[in-house]
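Engineer: Structure in structure tokens, see below.
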Amino acid sequence: MRLIIASNNAHKIAEMEAILASINVTLPVVPLRELGNDIPDIVEDGTTFEENATKKVETIAQIAPNDYILADDSGLSINALHGEPGVYSARYAGDHDDQANIAKVLNKLSGMPVAQRTAHFNSVIVLRDPKGRKLVVDGQVNGYITDAERGHGGFGYDPIFFVPELDKTFSEMSPDEKNNISHRGLALKKLGEQLPEWLKGE
């Protein structure tokens, strides 16, 4: 029995593997790409992060019914933009083009004072077991959008998401720093806390 991560995003998989190891998940972790070429298309047309994460696990369950499957859907919501980009974060300015997405956000917020650039990252994680039961957890981290990119690490919107508590953008943090406070890290910690009791229900 394996734990399949329903993603092909290498950065996201690496983050998840590190955090799962820290919460003592002992199942072999398998990225989606290792399942071969018969992976059905995952249509992320949900209107919430939970809907999209659920679609991912149910789609992969069609070809891996005897495994645990974990998926997350996450995104950046900017208050001044009425929650944009939200569930459309990865394709805000096209198809998974990080630089174009960042440029679109910075352009829309151009000239806006710091106090009005509040934002938050959300992550919803769905874990499905071979019986079809689901454990759903979420995490949120609050911050501000900078007026220019800062740092060279991370991915996605990390260079423009500033966290006041650490006085750094996600891109300026070490992987451990980011994993400790990130939306995905917080959601996975909740998963680790709830997992033992959830597994008893089997």
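Engineer: So, in the stretch 162-180, exactly how many residues are out of contact with any His (no Cβ under 9 Å at 6 or more places or on another chain) and either buried (at least 17 other Cβ atoms within 10 Å of the Cβ) or polar (S, T, N, Q) (or both)? Give the derivation first.
Structural biologist: Step one: list which residues in the stretch 162-180 are out of contact with any His (no Cβ under 9 Å at 6 or more places or on another chain), which gives 162-170, 173-180.
Subsequent filtering for residues that are either buried (at least 17 other Cβ atoms within 10 Å of the Cβ) or polar (S, T, N, Q) (or both) retains 162-163, 168-170, 173-174, 178-180.
Residues in the stretch 162-180 being out of contact with any His (no Cβ under 9 Å at 6 or more places or on another chain) and either buried (at least 17 other Cβ atoms within 10 Å of the Cβ) or polar (S, T, N, Q) (or both): 10 in total.
Engineer: On the basis of being within 19 Å of Asn9 (Cα to Cα) and out of contact with any helix residue (DSSP H, G or I) (no Cβ under 7 Å at 6 or more places or on another chain), does Asp176 make the cut?
Structural biologist: Numbers: within 19 Å of Asn9 (Cα to Cα): yes; out of contact with any helix residue (DSSP H, G or I) (no Cβ under 7 Å at 6 or more places or on another chain): yes.
Considered against the rule, which asks whether it is within 19 Å of Asn9 (Cα to Cα) and out of contact with any helix residue (DSSP H, G or I) (no Cβ under 7 Å at 6 or more places or on another chain), Asp176 comes out as yes.
Engineer: Are there any pairs with C-beta distances below 7 angstrom linking a residue in the stretch 75-86 that is of a type in the set (S, T, N, Q) to a residue that is in a helix (DSSP H, G or I), with the two at least 6 apart or on different chains, and if so which?
Structural biologist: Matching pairs, first to second residue: Ser77/Gly86.
Engineer: Would you be able to tell me the number of residues in the stretch 136-155 that are under 26 Å from Val30 (Cβ atoms) and either modelled with pLDDT under 95 or over 16 Å from the mean Cα position of the chain (by Cα) (or both)?
Structural biologist: Going residue by residue through the stretch 136-155, those that are under 26 Å from Val30 (Cβ atoms) are 136-139, 153-155.
Of the ones still in play, those that are also either modelled with pLDDT under 95 or over 16 Å from the mean Cα position of the chain (by Cα) (or both) are 153-155.
The number of residues fulfilling the criteria is 3.
Engineer: Step by step: first the residues of the stretch 35-69, then only those that are of a type in the set (D, E, K, R) and within 20 Å of the chain's Cα centre (by Cα), then the one that is nearest to Gln140 (Cα to Cα). Which residue is that? Write out each step before concluding.
Structural biologist: Quick first cut of the stretch 35-69, residues of a type in the set (D, E, K, R) only: 38, 41, 44-45, 50-51, 55-56, 58, 67.
If we keep only those that are within 20 Å of the chain's Cα centre (by Cα) as well, we get 41, 44-45, 50-51, 55-56, 58.
On the way: Asp41: 28, Glu44: 21, Asp45: 22, Glu50: 13, Glu51: 17, Lys55: 21, Lys56: 20, Glu58: 24 Å.
Going through the qualifying residues, I end up with Glu50.
Engineer: Restrict the check to the stretch 111-122 and report whether at least one residue is at pLDDT 95 or above, farther than 27 Å from Gln194 by Cβ, of a type in the set (D, E, K, R) and more than 17 Å from the chain's Cα centre (by Cα).
Structural biologist: Checked against the condition, which is being at pLDDT 95 or above, farther than 27 Å from Gln194 by Cβ, of a type in the set (D, E, K, R) and more than 17 Å from the chain's Cα centre (by Cα), the stretch 111-122 yields at least one hit.
Engineer: Next question. Filter the strands (runs of 3 or more DSSP E) completely within the stretch 117-202 down to those with at least 2 residues that are among the hydrophobic types (A, V, I, L, M, F, W, C), touching a strand residue (DSSP E or B) at 6+ places or on another chain (Cβ under 9 Å) and free of Cβ contacts under 8 Å to residues at least 24 places away in the same chain. Reasoning before the result, please.
Structural biologist: Details: elements: 118-128, 134-145, 161-163.
Those strands (runs of 3 or more DSSP E) span 161-163.
The values are calculated or read from the model by the stated rules, or taken from the named source; none is laboratory data. Small disclaimer: the values here were computed from a predicted structure and weren't measured. We place every Cβ from the backbone using ideal geometry, glycine too, and count neighbours over all the protein chains shown.
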